[in-house]
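Just below is one structure, and these are the notes that go with it.
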Amino acid sequence: MSDMVEPVHASSFFSVSQTGEIHEQLIFEYLDIEGYYRKVIRDETLLAKEVEKLADNMQYFLDKEKVEINGVRVKSRVDYCDIYLKGDTDVVSVVYLIDFTGKFTGEENVIETWLEEEEAPYDFEILWRFPVGSKIVEVETTMDFEIYNDIISLWAMDGDEVGGYEKIIFELPTSTRVSR
């Protein structure tokens with residue numbers, strides 16, 4: 001990645017399934033004044049190398065994280081990475097699809113993460129989407145958050161202290177609904 005590319009924003013969306021699969025879409029937005037990524041995208045070989053490098057780098061950081069579901073360590077895996085231009089602007093996005101799986105119970109379930117503590121270098125938001133009818137019992141985090149039924153919205157602003165220990169306790173619904 002070029003030194004001329006500056007990270008300016010991030011967002012993450014976690015989709016939690018009843019089977020224990022958790023799918024994450026992680027998007028980083030970069031200010032690319034020099035057009036580095038526009039050049040990369042025009043060269044398929046260079047694009048493939050850059051995407052592989054980005055995915056490997058993300059996997060390195062995921063491997064350093066500790067994530068447990070109901071007390072059992074799980075591993076996150078980068079399954080997809082790509083670079084997207086944001087129209088006729090100097091902003092580009094790097095998109096990752098990340099998966100991990102654990103075993104859920106019929107009682108309360110706990111997702112715990114231990115992350116490096118840091119100062120947020122830019123604003124970011126995280127949405128957790130649980131199966132319809134799930135009950136969010138507890139959220140422990142340094143970030144600001146709101147609970148909307150079976151959805152958790154978390155956010156941090158540039159300069160906020162983030163990371164450390166985080167925990168979500170939730171109950172899955174006892175019956176499956178097709179839609180809202």
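Computed from the coordinates by the stated procedures, all read-outs in this text should not be read as laboratory data. Only a predicted model underlies this, so the values are computations on that prediction, with no experimental measurement involved. FYI the Cβ positions are ideal-geometry reconstructions off the backbone, even for glycines, and counts take in every protein chain you see.
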Filter on 53/135; 86/167; 49/75; 66/86 - keep pairs with C-alpha separation over 28 Å: 53/135; 86/167; 66/86
Helix 44-64 axis, angle to the chain major axis (alpha carbon atoms, nearest 10°): 40 degrees
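Quick one: putting +1 on the C-beta of Lys and Arg, -1 on the C-beta of Asp and Glu, what dipole do you get for the chain around its Cα centre, in Debye to the nearest 20?
The dipole of the chain has a size of about 940 debye.
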Residue of 79, 43, 90 that the Gaussian network model of the chain assigns the largest fluctuation, springs spanning Cα pairs under 10 Å: 43
Which of 162, 131, 152, positive extreme of dipole for the chain (C-beta unit charges): 131
Label-point separation, residue 105 to residue 119 (7 Å along Cα→Cβ), nm: 4.1 nm
Table column - 3J(HN,Hα) (Hz), the stretch 100-105, Karplus curve with 6.51, -1.76, 1.60, x for Gly and Pro: 8, 9, x, 9, 8, 10
Answer label, with mean projected area of the Cα convex hull in nm² calculated from the coordinates and candidates (i) 12.3; (ii) 13.0; (iii) 11.2: (iii)
